[in-house]
1. Can you work out the Karplus-derived ³J(HN,Hα) for every residue in the stretch A:323-329? Use 6.51 cos²θ - 1.76 cosθ + 1.60 with θ = phi - 60°, whole Hz, and x for glycine or proline.
2. Mind pulling the angle between the C-alpha long axis of helix A:118-130 and the longest principal axis of chain A? Nearest 10 degrees, somewhere in 0 to 90.
3. Shielding of B:161-173 by partners, i.e. mean partner chain Cβ atoms within 10 Å per residue?
4. Hey, what do the phi angles of the stretch A:177-189 turn into as Karplus ³J(HN,Hα) couplings, whole Hz, using 6.51/-1.76/1.60 and θ = phi - 60°, x for Gly and Pro?
5. For chain A, what does the helix formula give at 222 nm: sum of -39500 (n - 2.57) over DSSP H segments with n ≥ 4, over the residue count, nearest 500 deg cm²/dmol?
6. Mind ranking A:30-41, A:248-259, B:8-19, A:156-167 by how tightly packed they are, going by the mean number of other C-beta atoms within 10 angstrom, highest first?
7. What is the average number of partner chain Cβ atoms found within 10 Å of a Cβ in A:74-80?
8. Mean residue ellipticity at 222 nm from the helices of chain B, using -39,500 (n - 2.57) per DSSP H segment of n ≥ 4 over the full residue count, to the nearest 500 deg cm²/dmol?
Amino acid sequence: MLELRSIEKKLANFKLCVDELFQGITAVIGPSGSGKSSLLNIISGLLKPDRGSVILNGRDITPLPPEKRRIGYVFQDFALFPHMSVRENIEYGGKNLEVVDMLDIGHLLERKVTELSIGEKQRIALARALAGDPDILLLDEPMSSVDEFMRKRLTFELSAILRTLEIPVVYVTHSIREALIIGEEIAVIKDGRMIQKDRTEKVYEFPESRFVAEFTGFENVYNGRIVEKGKSLAIEWAEGIVYSEQSTFKIGDEVVFGIRPEHVMVIREGKSLVKNLEGNVFSGRIISRTKAGAIHEVLVKLEKEKVMVYIPDHAYHRLNLDERVEVSIGFKRNKVRIIERVSKS
Amino acid sequence: MRLIYSLSALLLLYLSLLGLSAVLKLSIPSILSLNLKPVVTSLLTAAITTLLASIFGIPLAYYLSNLREPYKTVVEGVIITPIILPPIASGLLLLSILSPSGFLGAVTDALGFRLTMNFAGIILAQLAVASPFLILSAKAGFDSIDRRLEYASRLMGKSELKTFLRVSIPLAKKSIVAGIMMCYVRSFGEFGATFMLAYHPRTLPIELYMSFLSGGVEKASSIAVIFWIIALIFVFLIRKGGDRFA
């Protein structure tokens, strides 16, 4: 278990402040320059924190140099030693060669590092990091040099491998897709602060800030005010009233709420509504659309707000949709997510 | 293009005159009748100088490569100055300090050993003139290393020293070897500073100068030819070394 206890570090644009426990596989995600790399550097000992301590398995490693910390580290472009063979690279890392079988790289051992494919390099880098039996594994954007074409498969493979490990893993990425696949937990970092850290499903379902919501795919985020509280909450927004099943807010709260584009339904004329769409139907016009494979990304303009809707290809054609067509869209009550209370200022 | 070729050809022709002249002066009997002592002195002192330059210069190059500004500019300046100074001027400046009347020479003199007019003087002269070449070349090698490789090594439990020996040096090997060769060649041919600090025991360049003074071109040319042959050997070695470390 890794504990970052009241860590503070002044950086160029902001102060990094972290006070968290890390167990299992944590995907640390945030935009470029949010402090992700500095966080890894503090854990690994390249950067000294101004305050606070790094505790690994109960051992205070803050004053230790990198070589004494027992950390496995996978670098962005793997940083394999070009002057050593694959075997030498791994043995440089440590004596535990069980990793060779685990990662199925026995056939690569006598190769030169320069002869490896990107997927092979990744596995060698992982083997090298694990050969020293580290107490924690850190990965710094290990997919960033992998091309789009391979990334999905390699992310799944890596995820499966990481789940067999018995040590904590901190996986830094700027891709929410990777974070969702890899992380048992997701920690969102912004301007040096962890603004939300929780189980992956929780972060995905219940983002606690507009930033996290937009980052995790809530493309439709609006401001509103809670006007009624019963079984559902009624939120007043630019288009009238919308209902949400959440209940942790109270009347009068100014809130930010959102709905994912895949949870917006396009409603056919004359079709009876399922119960949880009641009161949540709005009319508008399609103002633009983009086809991304089997999904149409359709932007609907209501009276004032715009709503992004993802519609599968077959539904798109069945409903005779196209640009400039008038449509009704509905938000399921249980998918309208109140994200945060806006502090009045 | 024709102009470029013509210009190139002219200078190349001029440079090859060195070889032509050496071949014309090549006379086996006069080479065989040469005094071997200066040859041995030069080969040996250049080797010791290069060894010392490596032992102290490679760490210095690494230190310099990691140094922050403005210190870097200052240290680099100290190292580059002897390359820019005419060796004879360097020699004179050193002499004023290292001779028994200079402050450092006075100290060692009191301790019972001298820094001029002996092997130590030759080596100190060569070191001043030739070691900067090794340092700068090795530094260029260290500069080109991806620093994350060193950091990776540290994270794999290796100390700074071990990382230096097993990662930094191997990765900068090509530049270090080139630097060592340059240092040796430069030491072997060193004249100006050596002339100031220790014209005795005679190194080969001093011997050449002395022969020229006493017997003119005729007498000295066989030594120049020896230099030319040794240069040929070095050209061959550097090519071979270059291929090997490429």
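Bear in mind these aren't lab numbers, they're just calculated from the coordinates by the rules spelled out. Since the structure is predicted, the reported quantities are computational estimates derived from the model, not experimental observations. FYI the Cβ positions are ideal-geometry reconstructions off the backbone, even for glycines, and counts take in every protein chain you see.
1. Computed from phi, the couplings for the stretch A:323-329 are 4, 6, 6, 7, 9, 10, 10 Hz.
2. Computed tilt is about 60 degrees.
3. Going residue by residue through B:161-173 and averaging, the value is 2.
4. Running phi through 6.51 cos²θ - 1.76 cosθ + 1.60 with θ = phi - 60° gives 4, 4, 4, 5, 6, 7, x, 7, 10, 10, 10, 9, 10 Hz.
5. That comes out to -6000 deg cm²/dmol.
6. The packing order, highest mean first, is A:30-41, A:248-259, A:156-167, B:8-19.
7. So the per-residue partner count for this stretch is 3.
8. Computed ellipticity for chain B at 222 nm equals -26500 deg cm²/dmol.
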